[in-house]
Amino acid sequence: MKKTPSIITGLLWGAFAGTATASAFLLPAFFAGYLFVPGFLTRFDLLIEAFVILAFYCGWYHAWYRLKALGHDLDLGTGAKVLEIISYTMIGVGTITFIIKIIQFLTTPR
């Protein structure tokens with residue numbers, strides 16, 4: 001009998017794919033702007049700040065979720081469970097930090 005995936009697992013994998021996609025587009029765009037647009041960092045301060053916060057979070061989430069999956073891919077047994085706990089803890093810390101930074105970003109007078 002086929003097991004149906006849980007909604008939480010699906011959401012976590014969806015976030016994993018989404019952060020990878022965002023990172024794949026955001027980071028090259030940032031570096032292209034830096035390299036090819038004179039004064040990019042000084043003209044677009046607000047955009048750069050939002051961009052850096054988002055790009056950092058996407059990379060953070062993706063890296064920790066990839067490590068969690070690696071433990072299962074390598075069939076580490078108990079080590080996979082430990083790595084999963086550490087990864088989810090770090091994802092939680094990163095998510096809380098991201099939310100705080102976004103709130104600060106949105107509420108800081110410019």
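What the table shows:
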| quantity | calculated |
| --- | --- |
| Complete set of residues in segment 80-110 that are over 9 Å from residue 68 (Cβ atoms) and in contact with a helix residue (DSSP H, G or I) (Cβ under 7 Å, 6 or more places away or on another chain) | 90, 94, 98, 101, 102, 105, 110 |
| All helices (runs of 4 or more DSSP H) inside segment 3-102 with 1 or more residues being under 11 Å from the mean Cα position of the chain (by Cα) and in contact (Cβ under 8 Å) with a residue 40 or more places away in the chain | 7-36, 45-73 |
| Any hit, segment 87-102, residues being among the small types (Gly, Ala, Ser) and modelled with pLDDT under 85 | no |
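The values are calculated or read from the model by the stated rules, or taken from the named source; none is laboratory data. Treat the numbers as computed from the prediction; the structure is a model and nothing was measured. Note that we place each Cβ from the backbone using ideal geometry, even for glycine, and neighbour counts take in every protein chain shown.
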